[in-house]
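Asks: Okay, handing you the structure first.
The values are calculated or read from the model by the stated rules, or taken from the named source; none is laboratory data. Because the structure is predicted, anything quoted here is derived from the model rather than measured. Glycine also receives a Cβ, built like all others from the backbone with ideal geometry; neighbour counts cover every protein chain displayed. The accessibility values were calculated without ligands, DNA or RNA, using every heavy atom of the protein model including side chains. Shrake-Rupley method; radii C 1.70, N 1.55, O 1.52, S 1.80 Å.
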Amino acid sequence: MELDSVAATEAALRARLVPLDVYRAHLDGEPFVSDWVTVDQAMIDTFATATHDHQFIHVDPERARAETPFGGTIAHGFLTLSLLSPLAYDALPGVETTRMGINYGFERVRFLNPVKAGQRVRGRFKMIGLTERAVSLQTAWDATVEIEGATKPALTAHWITLAVLEPPAS
């Protein structure tokens with residue numbers, strides 16, 4: 001999954017569009033699972049620069065190896081949380097008449113297990129709520145970021161997304 005441009009992101013989203021009745025049928029259904037994504041040191045360093053969070057546990061591999069129980073650097077919790085969007089682009093369906101998607105927010109987020117530099121993560125999403133309005137859909141997801149080979153996930157969250165829809169034809 002290489003979403004390195006607006007065009008690539010939009011293409012990934014378009015490929016997963018379904019009619020509204022198909023989308024509705026996913027409520028309380030089987031979870032959607034993304035492909036694996038590697039969280040490497042370059043990703044962690046880029047996130048540290050973007051957020052001005054250069055704590056040594058994230059950006060200094062030698063010191064992190066010597067002074068932490070992690071054996072090396074770990075991803076920022078907020079980096080792991082921010083990966084929900086691209087993981088969702090890879091896994092979740094959208095509705096055919098969607099004009100744009102908006103991150104509405106979270107009811108709950110728990111960071112359960114650090115992601116070590118070099119580990120792979122994936123998203124697991126279960127639709128648990130759907131509120132339909134005239135020109136929008138608010139969807140609630142049980143979202144989990146799993147770490148390859150780990151029994152405990154990196155994080156769990158109750159995530160709410162908003163799809164702005166094309167107005168109905170008059």
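Asks: Give the peptides 95-103, 62-70, 31-39 in descending order of average Cβ contacts within 10 Å, highest first.
Replies: By packing density, highest mean first, the sequence is 31-39, 95-103, 62-70.
Asks: In square nanometres, what is the average projected area of the Cα convex hull of segment 61-130?
Replies: In nm², the orientation-averaged hull projection of segment 61-130 is 6.2.
Asks: If you don't mind, another one. For segment 8-105, what's the radius of gyration and Dmax over Cα atoms, in angstrom?
Replies: According to the Cα coordinates of segment 8-105, Rg and Dmax are 17.7, 54 Å.
Asks: Further question on the same structure: Once neighbouring chains are kept in place and the probe is 1.4 Å, which whole percent of the accessible area of the chain is contributed by carbon and sulfur?
Replies: About 53 percent, which is the carbon plus sulfur part of the accessible surface.
Asks: With equal scatterers on the alpha carbons only and no solvent term, can you work out the Debye log10 of I(q)/I(0) for the chain at 0.09, 0.10 1/Å?
Replies: The Debye formula, applied to the Cα set alone, gives -0.34, -0.42.
Asks: Can you tell me the dipole magnitude for segment 27-170 around its Cα centre, using point charges on the Cβ only (Lys, Arg +1; Asp, Glu -1), in Debye to the nearest 20?
Replies: Computed charge dipole of segment 27-170: roughly 260 debye.
Asks: Further, regarding this structure: Suppose every Lys and Arg Cβ carries +1 and every Asp and Glu Cβ carries -1, with no other charges. What dipole size does segment 98-170 come out with about its Cα centre, to the nearest 20 debye?
Replies: 300
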